[in-house]
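Below: the structure, in structure tokens.
The values are calculated or read from the model by the stated rules, or taken from the named source; none is laboratory data. Because the structure is predicted, anything quoted here is derived from the model rather than measured. So basically every Cβ, Gly included, is an ideal-geometry build from the backbone, and we count neighbours across all protein chains shown. Keep in mind that these areas ignore ligands, DNA and RNA; they rest on the heavy atoms of the full protein, side chains included. Shrake-Rupley method; radii C 1.70, N 1.55, O 1.52, S 1.80 Å.
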Amino acid sequence: MTRTPSSSATGEAPAFRGASLELSGVSLAYGSFEVVREVGFTVEPGTTTCVIGPSGSGKSTLLRGINRLHEPKSGEVLLAGEPASAMAPERLRQRIGLVFQHFNLFPDHTALDNVALAPWKVKGLPRGQARERAARALADVGLAERAGHRPRDLSGGQQQRVAIARALAMEPEVMLFDEATSALDPELVKGVLTLMAGLGERGMTMVVVTHEMGFARRAADQVVFMDEGEVVEKGTPDEIFGNPRSPRLRRFLAEVL
Ligand SMILES: Nc1ncnc2c1ncn2[C@@H]1O[C@H](COP(=O)(O)OP(=O)(O)OP(=O)(O)O)[C@@H](O)[C@H]1O
Ligand SMILES: [Mg+2]
């Protein structure tokens, strides 16, 4: 599927400049327990890769390895062709945003302040500029009207949007999502998935760990199936869902679809 970031469907919303992400031979371990083995795949700029697989297959660990919250044991991650291992971890995490299942917003801060905090404190922007950028990021996720609300006065879906805005405010080149909708009430899931698909359409490079097979089918350019720490199969959504080759993937799909 090819995408036009300036698609008229997205109106005036500006395009993102997603960078490429290349993984090769990435392995991660907890002590001597290897949970991700020799993982390799390439995410082209402005495309979405969905990572699917059973619980415990190493998906979260892999995402944490990409932005070095968990240091890979071996292998290489290239961001826009540059080795992630050579970057200061704080800088790497500004360039690769991560959105988790649990959004951890500061309860006493407004949505705007929650989003402005990192550009101000981490990126060192003057406070006024950080707040302007935060306001843009909130508008990006459809929450311009809620900027002054505290998290308790927002729905779970809106809180997750604030968390996404918080990541966007750092102007990342790649966004990683780990089960970003699995803590949400069912009626709120769709809105957040639509927002994520919209970011992809606007040119963000994304790696999305998800149990939402409908989203993977619709929004992914590439689907990576992991089992027991390894990439078992990768391909287009049509290939993965329409013509699964390995028995492990067939078994997984039979269980989840
Ligand atoms: N802090 C930790 N210490 C030791 N082992 C861990 C730790 N975190 C995860 N593991 C193990 O690593 C393996 C991979 O876990 P991971 O959380 O990456 O899986 P996952 O694919 O994200 O699963 P899920 O779909 O349930 O989120 C599992 O066997 C898990 O038990
Ligand atoms: Mg996980």
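Which whole-number percentage describes the relative contact order of the chain, with Cα contacts under 8 Å and a sequence gap of 6 or more?
Numbers: 506 pairs, mean separation 72.0, N = 257.
Averaging sequence separation for qualifying contacts and normalising by length gives 28 percent for the chain.
Collect residues whose amide H, placed 1.01 Å from N in the peptide plane, falls under 5 Å from the amide H of residue 233; neighbours closer than 5 in sequence don't count.
Long-range HN contacts for residue 233: 225.
Can you count the Lys pairs in the chain with C-alpha separation below 29 Å, eight or more apart or on different chains? Each step should come with its number before you reach the end.
Working: 59/73; 59/123; 59/190; 59/234; 73/123; 73/234; 190/234.
Here the count comes out as 7.
Starting from a Cα-only point model with no solvent, please compute log10 I(q)/I(0) by Debye for segment 54-211 at q = 0.12, 0.16 1/Å.
-0.51, -0.91
In segment 96-156, carbon and sulfur make up what percent of the accessible area (probe 1.4 Å)?
That share works out to 50 percent.
If you count only protein heavy atoms with a 1.4 Å probe, what accessible area per residue comes out for the chain, rounded to a whole Å²? Before the final figure, lay out the partial values.
Details: 11930 Å² over 257 residues.
About 46 Å² of surface per residue is accessible.
Would you compute the Debye intensity of segment 63-102 from its alpha-carbon atoms alone, equal scatterers and no solvent, and pass along log10 I(q)/I(0) at q = 0.14, 0.24 Å⁻¹ to two decimals?
After summing over all Cα pairs, the log10 values are -0.28, -0.78.
With everything on Cα atoms, drop me the angle between helix 247-256 and the longest principal axis of the chain, reported from 0 to 90° to the nearest 10.
The angle comes out at about 40 degrees.
Give, as a single signed number, the net charge of other residues whose beta carbon lies under 10 Å from the beta carbon of residue 37, with Lys and Arg counted +1 and Asp and Glu -1.
Here the charged neighbours net out to -3.
Count the net charge of all other residues whose Cβ sits under 14 Å from the Cβ of residue 239, scoring Lys and Arg as +1 and Asp and Glu as -1. Let's see the in-between values first.
Details: positive: 217, 234, 245, 250; negative: 221, 233, 238.
Result for the neighbourhood of residue 239: +1.
Cβ under 14 Å from residue 194's Cβ, residue 194 left aside: what net charge do those residues give with Lys, Arg +1 and Asp, Glu -1? Don't skip to the end; give the middle numbers.
Values: positive: 161, 190, 202, 218; negative: 140, 187, 201, 212.
Charge balance in the 14 Å sphere: 0.
What trypsin sites (Lys or Arg not before Pro) does segment 161-257 have in DSSP loop regions with at most 14 other beta carbons within 10 Å? The partial results should precede the final answer.
Working: sites: 161, 166, 190, 202, 217, 218, 234, 245, 248, 250, 251; in loops: 202, 245.
Taking segment 161-257 and a limit of 14 other Cβ atoms within 10 Å, the loop trypsin sites (Lys or Arg not before Pro) found are 245.
Round to the nearest 10 and report in Å² the accessible area of residue 175, as given by a 1.4 Å probe over the protein chains' heavy atoms.
0 Å²
Where does helix 186-201 land angle-wise versus the long Cα axis of the chain, in degrees 0 to 90, nearest 10?
Long axis of 186-201 versus the principal axis of the chain: about 90 degrees.
Say each of residue 152 and residue 101 gets a label point 7 Å from the Cα, pointing the same way as Cα to Cβ; how far apart are those two points in nm?
The two pseudo-label positions are separated by 2.5 nm.
Testing the spin-label approximation: label points 7 Å from Cα along Cα→Cβ at residue 44 and residue 144. State their distance in nm.
Between residue 44 and residue 144, the simple spin-label model gives 3.3 nm.
Using a 1.4 Å probe on the protein heavy atoms, what percent of the accessible area of segment 164-218 belongs to carbon and sulfur? Write down the numbers at each step before the final one.
Details: 880 of 1820 Å².
With neighbouring chains kept in place, the figure for segment 164-218 is 49 percent.
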